[in-house]
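Worksheet: the structure to be examined is printed underneath.
The values are calculated or read from the model by the stated rules, or taken from the named source; none is laboratory data. Computed from a predicted structure; not experimentally measured. Cβ coordinates were reconstructed from backbone atoms using ideal geometry, including for glycine residues, and neighbour counts include every protein chain displayed. Keep in mind that these areas ignore ligands, DNA and RNA; they rest on the heavy atoms of the full protein, side chains included. Shrake-Rupley method; radii C 1.70, N 1.55, O 1.52, S 1.80 Å.
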Number of protein chains: 2
Amino acid sequence: MSLALKEAWKRQGLTYPNPVVGALILDKHGKILSIAATQAAGKEHAELKAIEEALITLGDTHISSLQTASQKHAYILSYHDRQLKDASIYVTLEPCTHHGKTPPCSLLIKNCGFKTLICGSIDPNQEASGGIIQLEKAGVTVITDILKADCDTLMTPFKAWQENRPFVFFKLALSANGVYDGGTITSLESRTLVHAMRDNIDFLVIGGETVRSDRPTLDSRLVGGKAPDVLIISRHKEFDRSIPLFSVAGRKVFIEENFDRIKNYRFIMIEGTQSLMKLSDSLVDWYCIFNSSSYKKGKTIQIDKNFTPLQCIQNKHNTITWYKGI
Amino acid sequence: MSLALKEAWKRQGLTYPNPVVGALILDKHGKILSIAATQAAGKEHAELKAIEEALITLGDTHISSLQTASQKHAYILSYHDRQLKDASIYVTLEPCTHHGKTPPCSLLIKNCGFKTLICGSIDPNQEASGGIIQLEKAGVTVITDILKADCDTLMTPFKAWQENRPFVFFKLALSANGVYDGGTITSLESRTLVHAMRDNIDFLVIGGETVRSDRPTLDSRLVGGKAPDVLIISRHKEFDRSIPLFSVAGRKVFIEENFDRIKNYRFIMIEGTQSLMKLSDSLVDWYCIFNSSSYKKGKTIQIDKNFTPLQCIQNKHNTITWYKGI
């Protein structure tokens with residue numbers, strides 16, 4: 001389950017309004033066949049992705065040629081070799097039972113002949129829940145509450161969505177010694193991840209100073225995605241309108257002194273440093289800190305604040321740590 | 001192999017002059033039975049620890065009552081249930097063949113009936129090497145060079161020991177925003193790890209300013225271990241001799257302006273901040289940075305330097321990243 005959790009955290013911030021879910025499949029002897037996480041909304045759920053990867057591990061050469069989640073679902077459901085018979089699947093969240101953008105995962109688990117389902121969290125979504133009961137009725141052994149607290153934490157943004165309140169995370173990039181200024185801090189791989197987050201959020205908040213000095217576009221061109229609406233926090237309303245962020249078609253830009261506008265949006269990323277951190281303190285659910293592996297001279301953030309680390313992910317040049325604000 | 005590597009890095013700096021090694025055992029069906037790393041010098045090698053843990057997973061209730069590595073070796077060698085027959089073992093380093101403080105691991109692998117050995121690095125120690133050839137002769141399938149570069153990097157301190165040169169690592173504790181001053185930074189768990197490192201090193205280097213302001217003991221009382229010899233880097237030779245570090249029985253303390261004394265020692269930790277970092281720049285093989293999850297106001301390190309991250313480990317409150325100095 002901890003491997004499934006780790007895999008899921010790699011895609012934290014990329015799957016809203018779906019929960020990010022991790023899944024791991026063992027064959028009937030206990031050998032790991034696959035570890036996977038939720039893809040983008042409307043794409044493969046973690047269970048489907050894990051089953052796909054497991055079949056590829058077992059030699060399937062057809063499934064990866066299929067384009068959509070529904071095609072993959074249909075293929076697996078009609079796939080009668082039962083290669084996953086008596087396998088086990090760990091899932092951080094109870095498998096869904098509803099036909100949304102993708103068919104239900106519970107049907108898939110049942111049809112593949114899984115012997116055991118090991119779950120972390122129970123689905124709080126009434127429409128999608130019931131997967132456990134359905135699978136128990138079908139004769140699958142179900143074990144629940146494994147690393148439940150960690151699995152519950154993983155899907156905090158999804159719970160906020162369910163409870164109809166905005167979820168706010170603060171993204172910060174620092175050098176190894178805590179410097180935030182002086183140009184690009186993180187690697188291309190990390191910046192691509194931030195663009196993927198921008199493609200998933202619906203509102204981006206940034207400070208007026210940063211807009212004036214960096215003249216950013218604030219889109220998600222590195223992943224070919226959308227440009228979210230932008231809130232610039234600034235007392236001075238005049239900006240050079242040739243700054244690229246103002247010229248993105250279909251985007252709304254607000255220039256305001258406070259964060260009230262956030263309540264009209266659902267999944268919000270604040271990209272900032274010290275001043276915005278101080279101003280947004282009471283609004284922020286989570287912090288996502290990218291740390292480079294360089295020491296550089298420059299300005300560092302000077303505030304007193306305690307966090308709780310949730311998960312630390314390492315890519316080639318940087319570490320990315322998610323924290324819960326206290 | 002990457003799980004074995006990760007497990008080994010958790011004990012980096014604690015096993016010198018032995019290499020830190022990671023091992024993972026799969027049963028004949030591919031199910032993970034255990035993941036383990038080298039214990040302290042003279043205690044269990046990674047292979048022995050992994051076999052012990054695997055037997056416990058399989059229901060053995062006797063082995064954990066045995067006190068020494070030799071007793072465990074003898075027990076496993078006389079253990080004829082062959083519960084690990086046809087299992088596979090991943091090891092970051094070729095198993096040893098020599099009778100040192102512990103009996104050879106290759107014999108253990110052969111006797112247990114392992115079908116496959118998967119190795120990262122080849123043992124550069126002529127006295128201990130030959131495990132692969134021996135096991136191939138005994139009919140074990142041996143696969144080599146898996147994640148070899150990463151496995152080689154893991155045992156850099158051991159290679160320095162083999163080549164008869166000192167290995168120097170710089171330990172630094174920072175708040176999440178890079179602040180190094182203002183009292184204790186890291187958690188008790190992390191400080192206990194630092195004490196275990198002090199118990200393993202033979203020389204500790206510290207700055208005169210820190211000695212004067214913190215009045216440290218610089219021992220390893222949190223793990224009941226030894227107090228290494230200390231080098232205080234200082235132009236001013238006068239210190240208040242009531243500072244606890246001077247009163248540790250059997251310890252040598254040197255107060256010098258340079259690092260020349262290092263060449264008389266083998267495994268050296270520098271505990272410092274900005275000034276010592278600048279002075280020791282050309283001497284340091286690796287950096288070990290402890291990051292807390294608090295933001296605090298204070299002094300931050302102001303230098304320009306690039307690192308290569310080697311591994312990031314997370315404990316409950318902190319992250320610990322090992323970097324190679326460039």
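Numbers for the structure displayed
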quantity: From B:Arg221, B:Arg266, B:Arg212, B:Arg261, residue being closer than 30 Å to B:Ala149 by Cα and open to solvent by 60 Å² or more (accessible area, probe 1.4 Å); calculated: B:Arg266
quantity: Tabulated pairs, the range A:306-325, first within 16 Å of A:Val168 (Cβ to Cβ), second part of a strand (DSSP E or B) and small (Gly, Ala, Ser), C-beta under 8 angstrom, 6+ apart or interchain; calculated: A:Phe307/A:Gly325; A:Phe307/B:Ser294
quantity: The range B:180-216, residues that are acidic (Asp, Glu) and over 15 Å from B:Val253 (Cα atoms); calculated: B:Asp181, B:Glu189, B:Asp199, B:Glu209, B:Asp214
quantity: Residue in the range A:189-200 that is on the phi < 0 side of the Ramachandran plot, open to solvent by less than 60 Å² (accessible area, probe 1.4 Å) and modelled with pLDDT under 95 present; calculated: no
quantity: Residue among B:Glu47, B:Glu52, B:Glu7 that is out of contact with any strand residue (DSSP E or B) (no Cβ under 7 Å at 6 or more places or on another chain), in a helix (DSSP H, G or I) and at pLDDT 95 or above; calculated: B:Glu52
quantity: Among residues of the range A:1-25, those that are over 14 Å from the mean Cα position of the chain (by Cα) and surrounded by fewer than 24 Cβ atoms within 10 Å (Cβ to Cβ), counted; calculated: 3
quantity: Within the range A:247-326, strands (runs of 3 or more DSSP E) holding 2 or more residues that are within 16 Å of the chain's Cα centre (by Cα) and within 14 Å of another protein chain (Cβ to nearest Cβ); calculated: A:286-291, A:305-314, A:319-325
quantity: One residue from A:Gly13, A:Gly59, A:Gly22 being more than 17 Å from A:Glu94 (Cα to Cα), more than 14 Å from chain B (Cβ to nearest Cβ) and in contact with a Cys (Cβ under 9 Å, 6 or more places away or on another chain); calculated: A:Gly13
quantity: Where a residue in the range B:96-121 is on the phi > 0 side of the Ramachandran plot and its partner, wherever it lies, is open to solvent by 10 Å² or more (accessible area, probe 1.4 Å), with Cβ under 6 Å and at least six apart; calculated: B:Gly113/B:Arg82; B:Gly113/B:Lys85
quantity: Residues that are of a type outside the set (Lys, Arg) and open to solvent by 10 Å² or more (accessible area, probe 1.4 Å), drawn from the range B:277-292; calculated: B:Leu279, B:Asp281, B:Ser282, B:Leu283, B:Val284, B:Asp285, B:Asn291
quantity: From the options B:Ala227, B:Ala173, residue that is among the small types (Gly, Ala, Ser), open to solvent by 10 Å² or more (accessible area, probe 1.4 Å) and within 22 Å of B:Tyr323 (Cα to Cα); calculated: B:Ala173
quantity: Residues within the range B:155-180 that are touching a Phe, Trp or Tyr at 6+ places or on another chain (Cβ under 7 Å) and either of a type in the set (A, V, I, L, M) or at positive phi (or both), tallied; calculated: 5
quantity: Failed condition for B:Gln83, given (1) open to solvent by 10 Å² or more (accessible area, probe 1.4 Å); (2) within 14 Å of chain A (Cβ to nearest Cβ); (3) of a type in the set (S, T, N, Q); calculated: (2)
quantity: Which numbered condition B:Gly139 fails, given (1) under 23 Å from the mean Cα position of the chain (by Cα); (2) over 25 Å from B:Asn291 (Cα atoms); calculated: (1)
quantity: Restricting the range B:205-230 to residues that are within 23 Å of B:Ala40 (Cβ to Cβ) and hydrophobic (A, V, I, L, M, F, W, C), the residue that is nearest to the chain's Cα centre (by Cα); calculated: B:Val223
quantity: Contacts under 7 angstrom Cβ, first residue in the range A:136-154 being without any contact (Cβ under 8 Å) to a residue 24 or more places away in the chain, partner open to solvent by less than 60 Å² (accessible area, probe 1.4 Å), 6 or more apart; calculated: A:Glu136/A:Val142
quantity: Which numbered condition A:Ile233 fails, given (1) under 16 Å from the mean Cα position of the chain (by Cα); (2) surrounded by 21 or more Cβ atoms within 10 Å (Cβ to Cβ); calculated: (1)
quantity: Sole exception among (1) free of Cβ contacts under 8 Å to residues at least 40 places away in the same chain; (2) part of a loop (DSSP other than H, G, I, E, B); (3) within 12 Å of chain B (Cβ to nearest Cβ) for A:Ser242, by number; calculated: (3)
quantity: Matching entry among A:Gly207, A:Gly183 (being on the phi > 0 side of the Ramachandran plot and not charged (D, E, K, R)); calculated: A:Gly183
quantity: Meets criteria (in contact with a strand residue (DSSP E or B) (Cβ under 6 Å, 6 or more places away or on another chain), under 23 Å from A:Tyr295 (Cβ atoms) and not basic (Lys, Arg)) for B:Gly178; calculated: yes
quantity: Tally of residues being basic (Lys, Arg) and touching a Leu at 6+ places or on another chain (Cβ under 6 Å) across the range B:71-109; calculated: 1
quantity: Check on B:Tyr75, aromatic (Phe, Trp, Tyr), assigned by TED's automatic domain parsing to the domain that holds B:Ile32 and surrounded by fewer than 19 Cβ atoms within 10 Å (Cβ to Cβ); calculated: yes
quantity: Residue tally, condition within 23 Å of B:Ala87 (Cα to Cα) and either open to solvent by less than 30 Å² (accessible area, probe 1.4 Å) or part of a loop (DSSP other than H, G, I, E, B) (or both), over the range B:27-44; calculated: 11
quantity: Residue that is farthest from B:Pro104 (Cα to Cα) [pool: residues in the range B:59-70 that are within 24 Å of the chain's Cα centre (by Cα) and not hydrophobic (A, V, I, L, M, F, W, C)]; calculated: B:Ser64
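Conditions tested, residue by residue: (1) touching a Phe, Trp or Tyr at 6+ places or on another chain (Cβ under 7 Å); (2) part of a loop (DSSP other than H, G, I, E, B); (3) open to solvent by less than 10 Å² (accessible area, probe 1.4 Å).
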site: B:Tyr90; (1), (2), (3): no, no, no
site: B:Ser106; (1), (2), (3): no, no, yes
site: B:Asp123; (1), (2), (3): no, yes, no
site: B:Leu135; (1), (2), (3): no, no, yes
site: B:Val142; (1), (2), (3): no, no, no
site: B:Asp152; (1), (2), (3): no, no, no
